[in-house]
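As structure tokens, the structure follows; a few thoughts come after it.
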Amino acid sequence: IGEGRYKYQGKWKEIEGFEMSKYLVTNMQWEAFLEAEDGYGNDQWWEGFTKPERPPTQPTWREENSPRERVNWREAVAVSRWMQEKLKEERRDREIRLATEREWERAAAGRRGKEYPWGKGYREGYANIDETWGGEGRHNLGRTCAVGIYEEG
């Protein structure tokens, strides 16, 4: 995502350039981390904080292409470190890590500070939310969905 100025809550801010994955980590990717010989159990990925003594929490939805949920911050850092190592040849000098709050703001709103990824105003069926709660629409999956299913949003 380009560096420079971006609009957030009506004010212009500056940010250094960064890249962000288009999709969340899936159950299949998380399982690869759990099952790898050098994965979840490797102390290297937990440097700076205590490795959990319990096994990771099972996800509510288990389809391979669903986003992995029920992962805590330390586990998210650990899987990022593992992915960085696994992809270092392919990614060269690009860092794999969790996004900062400002990076999330910039990625979500774009350079011009869009209200939604598609622009102004909510559009029915463009995102996986409970549209019935605020009277915005009739859709409510009540769960996560396959990564990449809402291309408009």
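The values are calculated or read from the model by the stated rules, or taken from the named source; none is laboratory data. These numbers come from a predicted model, not from an experiment. Using ideal geometry, Cβ is built from the backbone for each residue, glycine included, and neighbour counts are taken over all protein chains shown. Quick note on the areas: whole protein, heavy atoms, side chains included, nothing else; ligands and nucleic acids left out. Shrake-Rupley method; radii C 1.70, N 1.55, O 1.52, S 1.80 Å.
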Query - Glu95 vs. criteria out of contact with any Phe, Trp or Tyr (no Cβ under 6 Å at 6 or more places or on another chain) and closer than 27 Å to Trp12 by Cβ - result: yes
Report task. Tell me which of these Ala108 doesn't satisfy, since it passes every other one: (1) under 17 Å from Phe33 (Cβ atoms); (2) part of a helix (DSSP H, G or I). Result -> (1)
Query - Test set (1) within 30 Å of Tyr150 (Cβ to Cβ); (2) open to solvent by less than 40 Å² (accessible area, probe 1.4 Å) - Trp46 fails condition number - result: (1)
Query raised in the report: When both residues are 6+ apart or on different chains and their Cβ atoms are under 9 Å apart, which pairs have a first residue that lies in the range 126-153 and is more than 20 Å from Gly110 (Cα to Cα), and a second that is aromatic (Phe, Trp, Tyr) and open to solvent by 60 Å² or more (accessible area, probe 1.4 Å)?
Result: Asn140/Trp133; Arg143/Trp61; Thr144/Trp61; Cys145/Trp61; Val147/Tyr23
Report task. Provide a single number: the residues in the range 99-143 that are in contact with a Gly (Cβ under 8 Å, 6 or more places away or on another chain), surrounded by 15 or more Cβ atoms within 10 Å (Cβ to Cβ) and among the small types (Gly, Ala, Ser). Result -> 3
Query raised in the report: Is it the case that the range 55-62 has a residue that's within 17 Å of Gln84 (Cα to Cα) and either surrounded by 14 or more Cβ atoms within 10 Å (Cβ to Cβ) or of a type in the set (Ser, Thr, Tyr) (or both)?
Result: no
Query raised in the report: Any residue at all in the range 1-18 that is at pLDDT 95 or above and touching a strand residue (DSSP E or B) at 6+ places or on another chain (Cβ under 9 Å)?
Result: no
Report task. Could you list, in sequence order, all residues of the range 111-153 that are in a loop (DSSP other than H, G, I, E, B), farther than 22 Å from Pro67 by Cβ and small (Gly, Ala, Ser)? Result -> Gly113, Gly121, Gly134, Gly135
Query raised in the report: When the residues of the range 79-98 are filtered to those that are touching a helix residue (DSSP H, G or I) at 6+ places or on another chain (Cβ under 7 Å), open to solvent by less than 70 Å² (accessible area, probe 1.4 Å) and outside any helix (DSSP H, G or I), which remaining residue is nearest to Phe49 (Cα to Cα)?
Result: Leu98
